[in-house]
Structures are given as structure tokens and as C-alpha cells.
Amino acid sequence: MRFLQNDNGWPSGRGVVSDIFVWDRQFETGIAEIDQQHRKLVQLINGLGRILAQESQPETFVRSLFRVFDELADYVEYHFEFEEELMAKFNFDNKHELGHKQVHADFVREIAQARAEAKEHPAEVTGGMLTYLSKWLMTHIVGTDMRMAREILATQSGLSGPEAKKQAGEFMANATETLLHAMNRLYDNLARRTQD
């Protein structure tokens with residue numbers, strides 16, 4: 001889709017818009033509830049992209065933008081709480097659990113800041129947030145959440161805590177290729193959207 005801007009700088013074209021973040025089996029952690037929640041976050045990110053690409057009326061654009069920001073903020077709170085309860089249930093080591101929680105807190109802060117800035121510059125903030133959200137979710141899934149899931153699954157299979165942690169670490173040592181492939185795909189999608 002090619003989209004033009006009208007005289008006030010708002011997108012004026014409409015058409016079929018491809019998703020920025022395309023869900024792929026490589027993002028599945030093996031824990032159904034987490035995968036379902038991640039898919040919902042992907043839908044919200046892609047919804048933000050559709051608003052930016054298709055909505056040409058400033059008032060409707062801003063209203064839709066804040067609706068998605070609010071839904072995203074509410075949903076990540078639910079998702080993060082779910083993950084943190086899982087970590088507590090499976091007795092993750094303090095260092096890993098605190099690091100994971102800090103990543104969650106940083107993300108919530110970033111969303112709140114973007115929402116505040118969007119009041120002044122909605123289109124610019126939305127474009128920047130699409131890149132940030134897509135990259136963040138991808139690295140969080142393939143990195144932090146995948147490691148957490150591997151450790152949980154190993155524990156459920158009967159391994160001791162140290163053995164489960166070791167197995168998760170070994171799995172993650174081989175995850176770099178998956179992340180690179182996913183990042184390349186994301187940047188291809190972003191480049192295509194920018195060209196459109």
C-alpha cells in the first residue's frame with residue numbers, strides 16, 4: 001500500500017496493510033497460556049500499526065491510538081503478573097526473577113511515557129513505538145521468556161532446580177540464530193512499511 005499525507009501531515013491513504021510483527025512458531029515457548037498472551041500482544045502491536053497507516057482523521061487517530069495504548073497497558077499488567085506468579089511458583093533464583101521483573105517495570109514505564117508524549121506528537125510517537133514494541137517483544141520472547149519457559153518445563157519433567165536451570169541455559173546458548181532470524185524478518189517488515 002502506498003499512502004500519502006494530506007496537507008496537515010496526517011496519513012491520507014487507505015488500503016491493505018501488512019502486519020509489522022508476524023507471529024511464527026519460533027516464538028512459541030511451550031507454555032500455552034504464555035504463547036496465547038504473546039499472540040494478544042502481537043495483535044495489539046499490529047493494531048497500532050494499522051491505525052498509523054490507515055487513519056487519516058486526526059481526532060479519530062488520537063482516540064484510536066489512546067484506546068490501543070490503554071488496552072496494551074492493561075494487558076501487559078495482566079501478562080507480567082502471570083509470568084511473575086509462575087516464577088514464584090517454580091522458585092526461580094532471585095537474580096533471574098528480579099531481572100525479569102525489572103524488564104517488566106521498564107516496559108510499563110516506557111508505555112506510560114509514550115502515552116504522555118503522544119498527546120503532543122501522536123503520529124511521531126506511534127511510529128517510534130511500533131519499532132520499540134516489536135523489537136522489545138521479540139527479544140523478550142526469544143530471550144527472557146523462552147529461558148523462563150524452558151526452566152519451568154524442565155522442572156515439570158522432573159529435573160531438579162539446578163538441572164533445569166542448566167538445561168535452560170544450554171537451550172538459550174543456541175537461541176541466537178533464532179533471534180537473528182526473527183530480527184531480520186522484523187526489520188524487513190518495518191522497511192517495507194516505511195517504503196509504503
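The values are calculated or read from the model by the stated rules, or taken from the named source; none is laboratory data. The structure displayed is predicted, hence computed values, not measured ones. Heads up, the Cβs are rebuilt from the backbone with ideal geometry, glycines too, and the neighbour counts pull from every protein chain shown. These area figures cover heavy atoms from the full protein model, side chains too; ligands, DNA and RNA do not enter into them. Shrake-Rupley method; radii C 1.70, N 1.55, O 1.52, S 1.80 Å.
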>> On a full-extension model of 0.36 nm per residue, what is the gain between Arg25 and Lys119, subtracting their alpha-carbon distance, rounded to one decimal in nm?
In response: 30.2 nm
> Ignoring ligands, DNA and RNA, what percent of the accessible area of segment 49-185 is carbon or sulfur (1.4 Å)?
Replying inline: 52 percent
> For the pair Glu59 and Asp74, how long in nm is the line joining their label points, each one 7 Å along Cα→Cβ?
Replying inline: 2.4 nm
> What accessible area per residue comes out for segment 37-95, rounded to a whole number of Å², with a 1.4 Å probe?
Replying inline: 49 Å²
> If r is the Cβ-Cβ distance from Glu85 to Tyr132 and R0 is 35 Å, what FRET efficiency results, to the nearest 0.05?
Replying inline: 0.85
>> Leaving out ligands and nucleic acids, and using a 1.4 Å probe, what accessible area per residue does segment 108-166 come to in Å²?
In response: 48 Å²
